[in-house]
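Note sheet for the following structure.
The values are calculated or read from the model by the stated rules, or taken from the named source; none is laboratory data. On a predicted model such as this, the values are computed, not experimentally measured, just so you know. Cβ atoms come from the backbone with ideal geometry, glycine included; neighbour counts cover every protein chain shown. Quick note on the areas: whole protein, heavy atoms, side chains included, nothing else; ligands and nucleic acids left out. Shrake-Rupley method; radii C 1.70, N 1.55, O 1.52, S 1.80 Å.
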Amino acid sequence: MTSNLQRISGTRIVATPAALDRLTLPVDALVMRFAADEAFVTANVAADAIADPYAIASADSGFVGTWTKNEQALDFLQRTCEWRLPAQRPAFAQGMVAGLPMKLWFAEDEVLLMVAAPYASDLLERMQGSH
């Protein structure tokens, strides 16, 4: 499996779970809930657009990732992931994969494999060594 990692930019938001549930975002934006009160959104979101007066919204370009076809991604994940993958799509999941803290977005036909930028070379190494 070879890969072309790209920078993934968005907005990191810390707010009440209810405020995160009510976010109004562009149709093509991905919302990855890292925790009940924290999300990463692949769109620009201003703090004043969040229904929480104490919300924190900051630009974040600290991730890299690659969209990988389902067959290749699932082959890689089945060998390197010790936890159950989501059955429904679209879905977000996170955990250790191939010894790396990874974020995964499962679309209908592809999977986004995403890590913090300092792990970029480690992800490439593990993906290339998995064929």
Original post:
Which longest uninterrupted range of the chain lacks any chymotrypsin sites (Phe, Trp or Tyr not before Pro) assigned by DSSP to a loop state (not H, G, I, E or B) and surrounded by at most 10 other Cβ atoms within 10 Å?
Top reply: 1-53
Subject >> Pairwise centroid distance, computed over Cα atoms, of segment 1-79 with segment 82-131, Å >> reply: 14
Original post:
Can you give the percent of C-alpha pairs in the chain whose distance is more than 20 Å?
Top reply: 45
Subject >> Computed lengthening from ALA46 to GLU125, 0.36 nm per intervening residue step minus Cα-Cα distance >> reply: 24.8 nm
**OP:** Identify the trypsin sites (Lys or Arg not before Pro) of segment 61-131 meeting these criteria: DSSP loop state and at most 10 other C-beta atoms within 10 Å of the C-beta.
**Re:** ARG84
**OP:** Provide the gained length on full extension for the span ASP37 to TRP83, in nm with one decimal, where the gain is 0.36 nm per separating residue minus the Cα-Cα distance.
**Re:** 14.2 nm
Original post:
When the helix-only estimate is applied to the chain (DSSP H runs of n ≥ 4, each -39,500 (n - 2.57), divided by the residue count), what is the mean residue ellipticity at 222 nm, nearest 500 deg cm²/dmol?
Top reply: -5000 deg cm²/dmol
**OP:** Provide the per residue accessible area, probe 1.4 Å, for the chain, rounded to a whole number of square angstrom.
**Re:** 56
Original post:
Expressed as a whole percentage, what fraction of the accessible surface of the chain belongs to carbon and sulfur atoms when a 1.4 Å probe is rolled over the protein heavy atoms?
Top reply: 50
**OP:** Describe numerically, in nm with one decimal, the distance between label points set 7 Å from Cα along Cα→Cβ at ALA116 and at ASP60.
**Re:** 1.1
**OP:** Among VAL41, VAL27, VAL111, determine the one that fluctuates most according to a GNM of the chain built with springs between C-alpha atoms less than 10 Å apart.
**Re:** VAL27
